[in-house]
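Contents: one structure, followed by commentary.
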Amino acid sequence: MTDHSTIIPFAQRRNGNSAPNSIFFERREFEAILNIYGKMVASGHWKDYAISGAKDVATFAVFQKASERPIFRITKTPALHHKQGAYAILSSQGQILKRGQELSQVLKYFEKKLIKLVK
């Protein structure tokens, strides 16, 4: 048996430029988002998600059903870190519902949806 796999080397950094080609969530950010996502799925509010990384923004989109438009988008835009804040929650219509410097503070927006009245 012969292995015909091809090894493709990672691109070499040029001139010390370490700027990434795409923005993505870091591990701790992704864990925080998945933590709230799990709570919202368990409560029946959310059903599915999608992740995308682009040159200037990373997006975690949340769906209530298998539809074309996400009900919420959690975004990370590092270029806005020193201005409005790198993290934002957008509605399905694109309105900014909450923005901030710290992801944990921004994700607290969803805590009120988890509170249920018990009689």
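What follows is calculated from the coordinates using simple rules that are stated; it is not laboratory data. Owing to the predicted nature of the structure, the values given are computational and were not obtained by experimental measurement. Glycine also receives a Cβ, built like all others from the backbone with ideal geometry; neighbour counts cover every protein chain displayed.
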_Violating pairs (Cα-Cα greater than 19 angstrom) within the set K55/K98; K39/K108; K83/K112; K76/K108_ = K55/K98; K83/K112
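Given a Förster distance of 22 angstrom, what is the FRET efficiency for K108 paired with E31, based on the Cβ-Cβ distance and rounded to 0.05? All intermediate terms of the calculation are to be shown ahead of the outcome.
Details: r = 16 Å, r/R0 = 0.72.
After rounding to 0.05, the efficiency reads 0.90.
Could you rank the peptides 69-76, 37-44 by their average count of other C-beta atoms within 10 Å per residue, with the highest value first?
Details: 69-76: 19.8, 37-44: 13.9.
My ranking of the peptides, most packed first, is 69-76, 37-44.
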*Between H82 and D48, 0.36 nm times their residue separation minus their Cα-Cα distance comes to what?*
9.1 nm
